[in-house]
Amino acid sequence: MARVHEYDLTVTWTGAAGGGTDSYRTYDRAHEVTAEGPPPLSGSADPHFRGDPSRWNPEQLLLASLSQCHMLSYLAACSLAGIVVTAYTDHAHGTMAQTPDGGGHFTEVVLRPQVRVAAPEMAAPAAELHEKAHRICFIANSVNFPVRHEPVVTSEAPTEAP
């Protein structure tokens, strides 16, 4: 039987002061995302859509979710395979296309993880595990656009024998 997990959060528009949505050009897109446990997250629209560039926007958060989920799935896969990851950084990139009706959609996300493993012999199997991580990533399995991976795996320098 499959396990079901549920998630709850609250999004509250905090930019209603000063007339609300009386004008598309002037209303504030500020909002707050809260959930039990973590600190509040300050959000807005993308600056292209009159948002505040100092706040997270939904497009960035979708990209962050894909990157985080891949990393967590990858680290788990490496751990279970006996591969010791000593560093991981992802420079993720997402592309969104607007449609003439004012809507839009993501067309692709490219994850570019830079991974360091503890020993040279771990590098090749560590590189292969990105495919497994993609297959088991909950978020990547929930989107309808391609999520590509361009990993680079290096190893710690071998230590000199005394």
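Alpha carbon centre of the stretch 21-47 versus the stretch 66-101: separation in Å? If we compute the Cα centre of each part, the gap is 26 Å. Sorted on the mean count of surrounding Cβ atoms within 10 Å across their residues, most packed first, peptides 74-81, 33-40 read 74-81, 33-40.
Report D for the stretch 80-151 in µm² per second (integer): Stokes-Einstein, Kirkwood Rh on Cα pairs, 10 °C, 1.306 mPa s. The partial results should precede the final answer.
Values: Rh = 13.9 Å.
For the chosen part, D equals 114 µm²/s.
Translational diffusion of the stretch 1-70, estimated by Stokes-Einstein from the Kirkwood radius over alpha carbon pairs at 20 °C in a medium of 1.002 mPa s, is 155 µm² per second. In the set (1) 14.0; (2) 9.8; (3) 12.4, the label that goes with mean projected area of the Cα convex hull in nm² computed for this structure is (1).
Computed from phi, the 3J(HN,Hα) profile of the stretch 87-97 under the Karplus parametrisation 6.51, -1.76, 1.60 (θ = phi - 60°) reads 7, 8, 9, 10, 10, 7, 9, x, 10, 10, 10 Hz, with x in place of Gly and Pro.
Close amide H contacts of T154 (hydrogens built in the peptide plane, cut-off under 5 Å, sequence separation of 5 or more or a different chain): V115, R116, V117.
Note that the chain presents 67 Å² accessible area per residue, ligands and nucleic acids not counted, probe 1.4 Å.
Listed values for the stretch 81-86 are Karplus-derived 3J(HN,Hα) couplings in whole Hz (6.51 cos²θ - 1.76 cosθ + 1.60, θ = phi - 60°), namely 8, x, 9, 9, 8, 10, and x replaces Gly and Pro.
Got a number for carbon plus sulfur as a percent of the chain's accessible area, 1.4 Å probe?
Values: 5980 of 10870 Å².
Carbon and sulfur: 55 percent of the exposed surface of the chain.
Seen from L41, the other residues with C-beta closer than 15 Å to its C-beta sum to a net charge of -3, counting Lys and Arg as +1 and Asp and Glu as -1.
Rounded to the nearest Hz, the phi-derived 3J(HN,Hα) couplings of the stretch 117-122 under the Karplus curve 6.51 cos²θ - 1.76 cosθ + 1.60 (θ = phi - 60°) are 10, 6, 9, x, 5, 8, where x marks glycine and proline.
Under 5 Å between amide hydrogens, built in the peptide plane, is the criterion, and for E108 it picks out T95 among residues at least 5 positions away or on other chains.
The values are calculated or read from the model by the stated rules, or taken from the named source; none is laboratory data. Not measured: the values here are computed from a predicted model. We place every Cβ from the backbone using ideal geometry, glycine too, and count neighbours over all the protein chains shown. Ligands, DNA and RNA are excluded from the accessible area calculation, which covers all protein heavy atoms including side chains. Shrake-Rupley method; radii C 1.70, N 1.55, O 1.52, S 1.80 Å.
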